[in-house]
Amino acid sequence: MALIVQKYGGSSVADADRIKAVRDRIKKTVDAGNQVVVVVSAMGKTTDGLVGLAEAVSANHNQSLTEIAAKEREMDLLLATGEQVTIALLSMALQAVGQPAIAMNGSQVRVVTEPYHTRARILYVEPDQIKAALALGKVVVIAGFQGVAIDPETGEPSTEITTLGRGGSDTSAVAIAAAIEADICEIYTDVPGILTTDPRIVPKAQMLAEITCDEMLELASLGAKVLHPRSVEIARNFGVKMCVRSSWLDDAGTVITSPRIGTGNLKSLEVNRFVETVSIDYDQVKIALLQIPDRPGIASQLFKSLADRGINVDLIIQAVQETEGVNDIAFTIPQNQLQLAEVVTRGLEIGASLVTVDSNVAKISIIGVGMIGRPGVAAQMFTSLAEAGINIQMISTSEIKISCVIAATDGESAIAAIQKAFNVPVRSHQACEITSDENSSDISPVRGVALDRNRARIAVQQVPDRPGMAAKILEQLVEHNISLDMIVQSQSDRDVNEIAFTVAIADLAKAETALKQYAKVLGYGEVSCDGDISKVSIVGANMIHQSGIAARMFSALADADINIEMIATSEIKVSCVVRDHQAEQALKVIHQEFNLSGDHAIEVPSALKK
């Protein structure tokens, strides 16, 4: 007998007939000898309707912060009613066919959250009532998206209703699964599982039978709409096995494997340590090609030549240059491949004005799934290095890892500074590699291709090359709660650098204003913005075991005459910034390059076609 948590979204319970269909699936699962806990969203567009009603009766653009906070409390009370309708109806439907069931809202279950309205994070879930109902043979039907706030003064649950914000129902389901130690958490949705890319752009995208939590985190953070990163973060931290399945089919769906890597605390489900560990790798050499022509095919030619000679490239960074028509590309390789890589690089005729080699470097990284959407983490890392007098030579980021190249002689000081800043253990570079199955020959090194068209790029020119500059720039954005995506810094042969990063389009104007305001104070040059870009990325935990993956991606883009404007990499992701009008074509050619299409077109639900 298995203990199963099933989560059904709004479209799965949109009307009476769909609720009955969900009931039948639940009953079938129970009849197979399983215990079932169900987490549901509000029916269909109920939440949108409630928000519309609230705006109709209370629109006031001149509200004070106190008035806004009061409105958020009442909004939580209002929105929580949507899920309560669903749990009551589904529980009644189960009882009508002889299946004992009990409906519980977030307060009754004791999904205890932070004391923040409309965007609370889950602290813990009290499992006793759920387990007691299961012991009586009941299906427990729980309202997702909501909880009860902790009282800051007593440390005990209060009576204040909170909602969890975006991704709240998925997050509720996985948190409950962790708390009751469920065997699996099944997420039922409109699509058959996790796909290799967006089926609206590539109709023959394949469904993946299995994917790791790390891969799913990267894809979810890049805009995949099936799961919210918050839910995957909890699954990874607490070893919750997940499965994404269609509400309308009996297909197996996609299993998301969750090796227990983190040190999860069941009393701090979402408010856990943002950074899990720090690692340092001294087996690094930095090679930089400066002032190379900014045209399609340059990156492809460079990294294909390196791959053809079996050279394993680690970090790859292409930053923005203030001189129009040229770029810098920097990358790192293992020490034992320096001689061969130098011969290959210097022998290329790609128009570089200078090739520099530095073997006195190390790569220091912080790793943690809690970093997603928290702009202060990178700033804190850079600040801790600056306070130790350590200059950052290169920066590359992903959703779950931030890496900096520094002087090797600064390695021990850097480790001590970051350990102090985040209170985390040090692990070897090898121990921190992303979990993958390097012996599985039938698993493609690239699991998915993602496109994010909700990005804008900001480049800060002529940043003085001294400790603390990256931290000071990021601090201006953190103060305005602006989350950064790609952060790229590539060191040139001068005493100034360029730092580029991507932000949500909605934050572009705010970020530009903040950075320009402090340009003279901090001593950097022009701040340029570009909202006409998109980010295309490949993700795969097995990429680390195969050389030439990035080169294939770059070649596919070059063959389609698509210029790469920025590059950032991690062990399981390679991201490129391209022109927005070429974004869909970029996704298509990369997906084709790695043979990710299937034989049949995926039927796209109408809700996702918008």
Dividing the Cα radius of gyration by the Kirkwood radius, what Rg/Rh value follows for segment 277-593?
0.93
Centre separation in Å (Cα based) which lies between segment 339-415 and segment 502-540:
20
If one computes P(r) from the Cα atoms of segment 461-576, what percent of pairs lie at distances over 20 Å?
51
Among 575, 359, 169, what is the fewest-to-most ranking by other Cβ atoms within 10 Å?
359, 169, 575
Counting just the Cα atoms, what span does the chain cover along each of its three principal axes? Round to the nearest Å and put the largest first.
77, 56, 44
Using the alpha carbons of segment 124-176, what is the convex hull volume per residue in cubic angstrom, as a whole number?
86
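Would you mind calculating the relative contact order of the chain from Cα pairs under 8 angstrom and at least 6 residues apart, reporting the percent as a whole number?
Once divided by the residue count of the chain, the mean separation gives 13 percent.
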For segment 3-189, take every pair of Cα atoms, bin their distances at 5 Å starting from 0, and report each bin as a whole percent.
1, 9, 17, 21, 19, 14, 9, 5, 3, 1, 0, 0
In segment 277-593, with Lys and Arg counted as +1 and Asp and Glu as -1 at Cβ, which of these residues, 484, 326, 527, has the Cα nearest the positive end of the dipole, that is, farthest along it?
484
Distance between Cα centroids, segment 185-211 to segment 287-315: provide it in whole Å.
33
Order of 166, 427, 457 - criterion: other Cβ atoms within 10 Å of each residue's Cβ, fewest first:
166, 427, 457
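Suppose we keep just the DSSP beta bridges with both residues in the chain; what percent of those would be antiparallel, to 5? Please report the intermediate quantities before stating the final value.
On the way: 81 of 113 bridges.
Roughly 70 percent of the DSSP beta bridges within the chain come out antiparallel.
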Among bridges DSSP assigns within segment 3-189, what percent are antiparallel (round to 5)?
25
Pairs over 29 Å Cα to Cα, from 45/71; 267/535; 20/45; 45/131; 363/420; 71/510, come to 267/535; 45/131
Here, residue 210 and residue 154, labelled 7 Å along Cα→Cβ, have an inter-label distance in nm of 4.8
So if I place +1 on the C-beta of Lys and Arg and -1 on the C-beta of Asp and Glu, and nothing else carries charge, what would the dipole magnitude of the chain be about its Cα centre? I want it in debye, nearest 20.
1000
DSSP-assigned coil residues among chymotrypsin sites (Phe, Trp or Tyr not before Pro) in segment 524-595, each with at most 12 further Cβ atoms within 10 Å:
none
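Computed from the coordinates by the stated procedures, all read-outs in this text should not be read as laboratory data. Just so you know, these numbers come straight off a predicted model, no measurement behind them. Note that each Cβ is placed from the backbone with ideal geometry, even for glycine, and that neighbours are counted across all protein chains shown.
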